[in-house]
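Some notes on the structure that comes next.
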Amino acid sequence: MNNTCSHKVMSDLEFSLNFADIGQVDLKTMLARYGIIHIRSVVSETNIRYFHKVISAALKSALKTNGITVPAAENDIDRLYNKLFSDASVTDFWKFAPKTLAKNTLVFHRLLCEPGIMKVAEELIGHDSFQLNWDQNLFRVDRPNEDFAAFEWHQDHPYILLSKSAVSVWSPLTDVTREMGPLKFVPGSHQGQFHPIIIQNTPSSENGNYQSKTSKHRYITLADRADLEK
């Protein structure tokens, strides 16, 4: 939910299950207890494969525009995206553009409206009349060792400020290993207090900077973050 603390490993505990088994548990009770539900295979393999196809084609086009050649059979979106950073001549615009393009594609909208996600949201919220807050739907790409995009401990609520009945969904679109630093939650942290935050205004000189555009969290930090580490 909106005020669950999260960080950039999740173990299979009582809040973890397969999508095929959601009818055997009370999802609302589970969410109320843990503040997080880990459901495997909610997004269909068909939609994920289609997303990879569309985005890999877009990345190849961006690379070709910048004079970077890749094998025709190369379709790994992580490797293709990283190639944009391997050539010093590629500007920040082209490094940022794939994220914008991916978020504005119809395939991204299809993923957001995945029937499995809608089914879970309906059970949790109690009805099927949803509002899709488009500007709060983030398409995130974390490259290795990008310190400016480091995902610190935080509570979702100050970032998205949605209604009390809102449900936040995180869905990886590529395989994520423990070594990559996956999302980490603190089960039950939603039952505690809202932690005070510090908001830092973006310097005007950074308005056109690629890093500032992709790192909103750099300007919202927990005031008591050091105390939370324990």
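Under 18 Å between alpha carbons, and skipping anything fewer than 8 positions from residue 28 in its own chain: which aspartates and glutamates qualify? Of all the aspartates and glutamates, those that pass the test against residue 28 - Cα under 18 Å, at least 8 places apart if same chain - are 14, 122, 123, 128.
3J(HN,Hα) along the range 116-123: x, 5, 4, 5, 5, 4, 4, 5 Hz, from the Karplus curve 6.51 cos²θ - 1.76 cosθ + 1.60 with θ = phi - 60°, whole Hz, x for Gly and Pro. Between the C-alpha center of the range 156-184 and that of the range 51-107 there is a gap of 24 Å. Spin-label model, residue 171 to residue 18: label points 7 Å out along the Cα-to-beta-carbon direction sit 1.9 nm apart.
With 20 Å as the limit, write out which pairs from 83/184; 119/184; 60/83; 53/99 have Cα-Cα distances beyond it, or answer none. In this structure, 83/184; 119/184 lie more than 20 Å apart at Cα.
For the range 1-144, the solvent-accessible area works out to 58 Å² per residue, with a probe of 1.4 Å and every protein chain left in place. For residue 197, the amide hydrogen comes within under 5 Å of the amide hydrogens of 223, counting only partners 5 or more places away or on other chains and with H modelled in the peptide plane. Summarise the accessible area of the range 37-171 (1.4 Å probe, protein heavy atoms) by the percent that is carbon and sulfur. That share works out to 54 percent.
The values are calculated or read from the model by the stated rules, or taken from the named source; none is laboratory data. The structure displayed is predicted, hence computed values, not measured ones. Glycine gets a Cβ as well: all are built from the backbone with ideal geometry, and neighbour counts include every protein chain shown. In case anyone asks, the SASA skips ligands and DNA or RNA and just uses the protein heavy atoms, side chains included. Shrake-Rupley method; radii C 1.70, N 1.55, O 1.52, S 1.80 Å.
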